[in-house]
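Below is one structure, written out as structure tokens; the observations come after it.
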Amino acid sequence: MAAVRSSRSATAARAPDIDAPGTSGGAFPPPILEDPNRALPRAILHGFYGALWWLAIVLGSPWWGWRSLTDKTFRRMALARLGWGLARRSPGAAPRILIHGVSVGEVKAAQSLVEAIGKGTRAYDVVISTTTDTGFEVARELFADHEVVRFPVDPGWIVTRFLRRIDPVCVVLVELEIWPNFLRAANIAGIPVAVVNGRITATSYSSYRLFRNLLPQFNRISLFCVQGEEYARRFAALGCDPGRILVTGNVKADSLGDGPVGPGEELLRLLGGAPGQVILTAGSTHPEEELLVVKAWRDHAPETRLVLVPRHPRRAVEIVAALAELGLEAQRLSELRAGEAPDPERPALVDTIGELERVYGLSDVVFIGGSLVPHGGQNMLEPASQGRAVVYGPHVQNFQLEASLLEARGAAIRLPDGEQLGPQLGALARDPGLRRRMGEAGLAAVGEQKGATARTLSALEERCLTNVSGVSREQDSR
């Protein structure tokens, strides 16, 4: 792993001491602008993969057709993922960069990179793609000045048409959203592909190790900008060229502020509680976690204002019904906005999209969802960057680097199980000094991580965008 350019030493407690891309003096591999896997066995493998897609389309078409006829929202999503409605790039327009984030977390992580590209010396037209409904809605809100599209399903003819219409000079995949036919089509079209803010969990790593000689073929990717040393080692062990791997840090830190985000007068009035009341927020919760949090709150911190923000707001009706079985009547944010009087003694439920950051801004203690159930956690840097005391359960494998960073600084508490949630929330609710110390430590820890975006953009310019012309491939081929 000596060939993987990164810091000379790095710990979970501090930002890596990373050399800027290009400063080592050595040559680096050129971008991949053609299919590197032309051998017959690989062609047969892709043919088999394509046949599986056709089988899935044939078998699933009755269900897709029925859903599309009966659900207008689903129909729009399905058509978008099939590539319908994509406009061609205008002649003479600036060269395009396609940045893809599968869902909300990846879309938000891309924010600082999109801003940095816009402030660069060269003009690029950035197109954002995403997969999930919530990711699409958040992308349209965050990137109102950019085109936002759905990432295509992976049959070869669909991804080829998608790339022809978008016509990017570079594809940037946030974290690790890779599809075999998409990568192959990009190679054939001469479009370099880069992974930024790259990470690979232990579970995913084991799966990729098992199939590393089959698909998705990591040797099709020109550049890996990864968050930390451990991720770099994992990518290299999967057969990625070490010369294409750079440890650039976590760009999510650059997308975060340097202190509390103002919640605004409306949210403060509706969710802020009584004067002096401690506000406890459970953010990005998953099924079953809301009940665990509510029981912990009721038994150990009933004097606090409880705000629940489920990962998927469409679960609001289900959550309200579950709380009613406990004898609790939740207040939905949408109903508060419609005129219902706030009651700080009742749990509040945020049933709208895009509110989490501002809700963190009015909180005192934040529980991170996805961690009491085996989901893998959610991004705990978001509340830490606002100086909030952070608590989560044992299941944080999807955010292990972030969790280790905060824990090493004393900014977050990882619970061994759900039984400890109530006592810990109660202790934090009654100890303003501990909350303050944890909040200050979180601000310092996140601040140390800043700068990853600049390193990532520098690597992209060196490795993938050096020979970009303003003429599209479609225009050039005419």
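Quick note: the coordinates plus some simple rules give every number you see, no bench work behind them. This one's a predicted model, so the numbers in the text were calculated from it and none came from an experiment. Virtual Cβ from ideal backbone geometry, glycine too; neighbours counted across all protein chains shown.
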Inset, instruction - Give the angle, between 0 and 90 degrees and rounded to the nearest 10, that separates the Cα long axis of helix 133-142 from the longest principal axis of the Cα atoms of the chain. - result: 90 degrees
Legend entry - Where labels lie 7 Å past Cα in the beta-carbon direction, separation of VAL58 and ALA144 in nm: 4.8 nm
Legend entry - Ranked CYS225, CYS240, criterion: other C-beta atoms within 10 Å, fewest first: CYS240, CYS225
Legend entry - Nearest 10 degrees, 0 to 90: helix 289-300 Cα axis against the chain principal axis: 30 degrees
Inset, instruction - Work out the FRET efficiency for TRP84 and ILE353 from their Cβ-Cβ distance, taking R0 = 25 Å, and round it to the nearest 0.05. - result: 0.55
Legend entry - DSSP-loop chymotrypsin sites (Phe, Trp or Tyr not before Pro) across segment 210-245, with at most 13 other Cβ within 10 angstrom: PHE211
Inset, instruction - DSSP loop (so not H, G, I, E, B), at most 15 other Cβ within 10 Å: list which chymotrypsin sites (Phe, Trp or Tyr not before Pro) in segment 61-122 pass both filters. - result: TRP84
Inset, instruction - Straight distance only, please: which lysines reach the Cα of LYS252 with their own Cα at less than 16 Å, same-chain residues fewer than 8 apart left out? - result: LYS108, LYS450
Inset, instruction - Could you tell me whether segment 23-117 comes out rounded, prolate or oblate from its Cα gyration tensor? Rule is a ≥ b ≥ c as square roots of the eigenvalues, rounded for a/c under 1.5, then prolate if a/b exceeds b/c, otherwise oblate. - result: oblate
Inset, instruction - Would you work out if segment 92-196 is rounded, prolate or oblate? Take a ≥ b ≥ c from the square roots of the eigenvalues of the alpha-carbon gyration tensor; rounded if a/c is under 1.5, else prolate when a/b is larger than b/c, oblate otherwise. - result: oblate
Inset, instruction - Report, to the nearest 10°, how far helix 432-448 tilts away from the longest principal axis of the Cα atoms in the chain, using its own Cα long axis and a range of 0 to 90°. - result: 10 degrees
Legend entry - CD proxy at 222 nm, helix term only [per DSSP H run n ≥ 4: -39500 (n - 2.57); per residue of the chain; nearest 500]: -12500 deg cm²/dmol
Inset, instruction - Identify all aspartates and glutamates with a Cα-Cα distance to LYS72 below 17 Å; exclude those on the same chain that are fewer than 8 residues away in sequence. - result: ASP133, GLU137
Legend entry - Sorted by Cβ density within 10 Å, fewest first, the residues TYR208, TYR49: TYR49, TYR208
Inset, instruction - Place a +1 charge on the Cβ of each Lys and Arg in the chain and a -1 charge on the Cβ of each Asp and Glu, then give the dipole magnitude about the Cα centre in debye, rounded to the nearest 20. - result: 1640 debye
Inset, instruction - Pick out, from THR456, VAL153, PRO310, the residue whose Cα sits farthest towards the positive end of the charge dipole of the chain, with +1 on the Cβ of Lys and Arg and -1 on the Cβ of Asp and Glu. - result: VAL153
Legend entry - Sorted by Cβ density within 10 Å, fewest first, the residues LYS72, LYS108, LYS295: LYS72, LYS295, LYS108
Inset, instruction - Calculate, in nm to one decimal, what GLU440 and GLU325 gain on full extension: separation in residues at 0.36 nm each, minus their alpha carbon distance. - result: 37.5 nm
Legend entry - Selected from ASN37, VAL396, VAL193, residue furthest toward positive end of dipole (the chain; charges at beta carbon): ASN37
Legend entry - Residues in segment 134-172 that a label on VAL468 would reach, taking backbone N under 18 Å of a point 7 Å out along Cα→Cβ: 145-149, 163-172
Inset, instruction - Using a cut-off of 14 Å between beta-carbons, work out the net charge of the residues near TRP53 (Lys and Arg +1, Asp and Glu -1, TRP53 not included). - result: +1
